[in-house]
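> Encoded as structure tokens, here's the structure I'll be asking about.
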Amino acid sequence: MTVAAWVSGALLAAAAVLAMLRLARGPSILERVLALDVLLAIIIAALCVDMAVNQHLNHLVFIVAAAVLGFMGSVTVSRYVTDRRNS
């Protein structure tokens, strides 16, 4: 289990670095919002790995709340951009 935790941690760290690069370089607001959404998903995945390794459920409430807020934020931004392009 320790090897799997280290491998998944390394992959999640690499993905987080790439998402932050896209966040910094993204030319449009949609690419930056997508990078933030991916970064939130990476953080949620890291918390899930921590819960699996340490065999606890302490982060479960934060994971559900972050997933709901991330979804609502993405839908709100996409609706804003869609309404802005139509007018």
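> Put a dot 7 Å past each Cα toward the Cβ at L23 and D37; how far apart are the dots in nm?
Modelled inter-label distance: 1.6 nm.
> Compute the Rg to Rh ratio over region 8-53 from the alpha carbon atoms, using the Kirkwood formula for Rh, and round to two decimal places.
1.06
> Pop out the carbon and sulfur fraction of the accessible area of region 12-51 as a percent, whole number, probe 1.4 Å.
The C+S portion of the solvent-accessible surface of region 12-51 is 77 percent.
> Per residue, what volume in Å³ does the convex hull of the Cα atoms of the chain enclose?
Here the figure is 70 Å³ per residue.
> What residue among G26, A66, A45 has its Cα farthest toward the positive end of the dipole of the chain, where the charges are +1 on Lys, Arg and -1 on Asp, Glu, each on the Cβ?
Ranked along the dipole, the leading option is G26.
> Okay, next question. What helices does the chain hold that run 15 Å or longer along their axis, going by alpha-carbon atoms, with a Kyte-Doolittle average of 1.0 or more, using DSSP H for the helix calls?
2-25, 29-54
> Roughly how many Å² is the accessible area per residue of region 18-87, as a whole number, for a 1.4 Å probe?
74 Å²
> Okay, next question. What residues from region 35-59 fall in the zone where the backbone N is under 19 Å from a label point 7 Å along the Cα-to-C-beta line of A4?
What the label zone holds, given the 19 Å backbone N cut-off, is 44-59.
The values are calculated or read from the model by the stated rules, or taken from the named source; none is laboratory data. Remember, predicted model here, so these are calculated numbers, not experimental data. Cβ atoms come from the backbone with ideal geometry, glycine included; neighbour counts cover every protein chain shown. Please note that ligands, DNA and RNA were not included when accessible areas were found on the heavy atoms of the full protein model with its side chains. Shrake-Rupley method; radii C 1.70, N 1.55, O 1.52, S 1.80 Å.
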